[in-house]
1. In region 466-486, is there at least one residue being of a type in the set (S, T, N, Q), open to solvent by 10 Å² or more (accessible area, probe 1.4 Å) and not in a loop (DSSP other than H, G, I, E, B)?
2. If you scan region 496-516, which residues turn out to be more than 33 Å from the chain's Cα centre (by Cα) and either surrounded by 24 or more Cβ atoms within 10 Å (Cβ to Cβ) or in contact (Cβ under 8 Å) with a residue 40 or more places away in the chain (or both)?
3. Going by the structure shown, is ASP88 over 19 Å from HIS107 (Cα atoms) and open to solvent by 10 Å² or more (accessible area, probe 1.4 Å)?
4. Please enumerate the residues belonging to region 297-321 that are buried (at least 21 other Cβ atoms within 10 Å of the Cβ) and in a helix (DSSP H, G or I).
5. Taking into account only those residues within region 171-183 that are within 9 Å of ligand 1 (Cβ to nearest atom) and crowded, with 19+ Cβ neighbours inside 10 Å, which is farthest from ILE337 (Cα to Cα)?
6. Yes or no: ASN440 on the phi > 0 side of the Ramachandran plot and not charged (D, E, K, R)?
7. Return the only residue of ASN136, ASN157, ASN165, ASN186 being at pLDDT below 95, surrounded by fewer than 24 Cβ atoms within 10 Å (Cβ to Cβ), away from ligand 2 (no atom under 16 Å from the Cβ) and in the same structural domain as SER115 (by TED's automatic domain parsing).
8. Any chance you could count how many residues in region 460-490 are among the small types (Gly, Ala, Ser), touching a residue at least 60 places away in the same chain (Cβ under 8 Å) and closer than 19 Å to PRO439 by Cα?
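The values are calculated or read from the model by the stated rules, or taken from the named source; none is laboratory data. From a predicted model like this one, the values you see are computed outputs, not experimental measurements. All Cβ positions, glycine included, derive from the backbone under ideal geometry; neighbour counts span all protein chains shown. Just the protein is used for accessible areas: all its heavy atoms, side chains included, with ligands, DNA and RNA removed. Shrake-Rupley method; radii C 1.70, N 1.55, O 1.52, S 1.80 Å.
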Amino acid sequence: MLLEHIKQPKDLKQLSIEQLEQLATETRQFLVEKLSITGGHLSSNLGVVELTIALHYLFNSPYDKFIFDVGHQSYVHKMFTGRMDKFDTLRKYKGLCGFVKRSESEHDVWEAGHSSTSLSAAMGMAIARDLKGEHNRVVAIIGDGALTGGMALEAMNHIGHEKKNLMVILNDNEMSIAPNVGALHNYLGKIRSDKHYVKVKEEVEYLIKKIPAIGGTLAKTIEKLKDSLKYMVVPGVLFEELGFTYLGPVDGHNLPLLLETIKQAEKIEGPVMLHVVTLKGKGYSPAEADSHAWHGASPYKIESGQMLKAVGPPMYTEVFGKSLIELAREDSRIVAITPAMPGGSGLLKFAAEFPDRMFDVGIAEQHAATLCAALAGEGLKPVYAVYSTFLQRAYDQVVHDICRANLNVIFAIDRAGYVGPDGETHQGVYDIAFLRSIPNMVLMMPKDENELRHMMKTAVDYDAGPIAVRYPRISGLGVSMEEPYRAIPIGTWEVLRSGDSAVVLAVGPMVQEAMEAAEQLAKEGLQLRVVNARFIKPLDEAMLQQLAKENVPIITMEEGAQAGGFGGSVLEYFASHDMHGLQIKILGIPDYFVEHGSVPEQRKETGLTAERLMAEVKALMPRKRQHA
Ligand SMILES: Cc1ncc(C[n+]2csc(CCOP(=O)(O)OP(=O)(O)O)c2C)c(N)n1
Ligand SMILES: CC(=O)[C@@H](O)[C@H](O)COP(=O)(O)O
Ligand SMILES: [Mg+2]
């Protein structure tokens, strides 16, 4: 086995081309084997094996800087940079991170998790390099999906202007997570599909050079002719017009060709765009056959390719997707918008039933938000299905285009709370803080999957402005979902269990923790009242006033950042209504980024458990007695 001798990138440099090809095969076997136990982003990594080998073979990391966009395809890079023995812990608590991470290795020079940042990063590193008088190479590796993200396009605009030396490797596998979409995607397809393209390009460029420079009108006509000729037969010209030297398309699994082309690219002055065509899932037939399903793989059986998924109640995502279909059958105003996450957001069945009412806009969270604003302005009911973490990208559009104009946009915010193995880049724990501060916004979270259905109905019936329902990346509780849909009165909470030792105002999955705590505390003679704080905004003011009158100790509990969170809004309410002297404890996520692991581990680490709640209730008791 060659693989076991690769401890650092320099070990690759000793190998022959045949050995490098052998290394590619062994690398794929390693990934398929390890990820069958841990799960992870299999298909993207299988696609970049030769590319990553070529980069480490030709260049000198970390002096030369490799910037992996998103970072979900950095496993091979991790393997060759001293982390092969940690793959049993991939995406596990305290284990190897599933994305690039500076604290893990000096070879991880840029951190990501969200898409389309690599070109801005490359530009920053190239400027810094030149100002410092250094000479290292800067190489961004970006996928065809990530290239559709607005940030990447903004960066290309700047790169073409500055004309610094840097290399962009466009890893084109025709896939985002789902099949890639959009005009840019179609454009890349045009380049890929033209087998004679490279030859024609060379010939046209040769001919153009032969046209003599003449003055006057004729010269202008010839210039125009040059341009139109280029546009007709040289598809790569878009990148060239933006200031890049375009090379490719090159087969990303043909190692000798790849090495040759990268060497050629390296000699070119200014920014270079090297278009590499790869197959997502390459080398593992189940992943080749369905790279969408294998983008983020659960553990699986290698031979059959059967993924091992937990059986039990449906995920909240699935319940959302089903209820949207049922509601859309009754209400033709409903349209669904996803920024490149049709599967993850549970919208595939909706798309099949309502192909004209579903829009995958690519990785374009900002555009998606403003698009929803316009759709709502025209009287439709856009449902913006988005992961909490990715909604961060569209904050200005939410404030400026949707909330300010008070438009009827429905936000279906998935992955709200801890997300588990993706970890800190993907935690959906800031949306409460960043949404509750925006005027006109209504924000809900269900205690169980049945309540999610009712919240969807509430949102569809609400015609007074933007309304959001956030739900977690977990299974529901297995409750009955036979009830007919009903709208919940805006700003009302529900008391699920009575008691006057203390009151817990719990949000979403914390309601279940609170019920468990109450059950246990009752055995010790303490009666914990459990309130389902299903509206995070507006608060149930009548209930808060009642609690103030009772002067009962209050604990708030939410799976969201404590700073700016729901608990803070309760405190603000009491303080701004001159209701002082109450005992209040806030349980939320402390002020640091919580890393990867399982959701229960993340909750335990940050004290969002029934046990912690019990301890807090007990701690409040003597103070209550002293107060009395
Ligand atoms: C801002 C943002 N939106 C959405 C995602 C979810 N996401 C992760 S990878 C990915 C697809 C990226 O496609 P591509 O860049 O072509 O890489 P591939 O997986 O095909 O290798 C998406 C949509 C993200 N990480 N960041
Ligand atoms: C890399 C990335 O951003 C996505 O692939 C993400 O990992 C998907 O997460 P889910 O598994 O929660 O859909
Ligand atoms: Mg892709």
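1. yes
2. LEU496, ASP500, SER501, ALA502, VAL503
3. Criteria met by ASP88.
4. Step one: of region 297-321, the residues buried (at least 21 other Cβ atoms within 10 Å of the Cβ) are 297, 300, 316-317, 319-321.
Answer for region 297-321, where residues must be buried (at least 21 other Cβ atoms within 10 Å of the Cβ) and in a helix (DSSP H, G or I): TYR316, THR317, VAL319, PHE320, GLY321.
5. Residues of region 171-183 within 9 Å of ligand 1 (Cβ to nearest atom): 171-178, 180.
From what's left, crowded, with 19+ Cβ neighbours inside 10 Å: 171-173, 175-178, 180.
On the way: ASN171: 26, ASP172: 24, ASN173: 24, MET175: 19, SER176: 16, ILE177: 16, ALA178: 14, ASN180: 15 Å.
Ranking the qualifying residues of region 171-183, first place goes to ASN171.
6. Working: on the phi > 0 side of the Ramachandran plot: yes; not charged (D, E, K, R): yes.
Spelling it out, ASN440 is indeed on the phi > 0 side of the Ramachandran plot and not charged (D, E, K, R).
7. ASN186
8. 1
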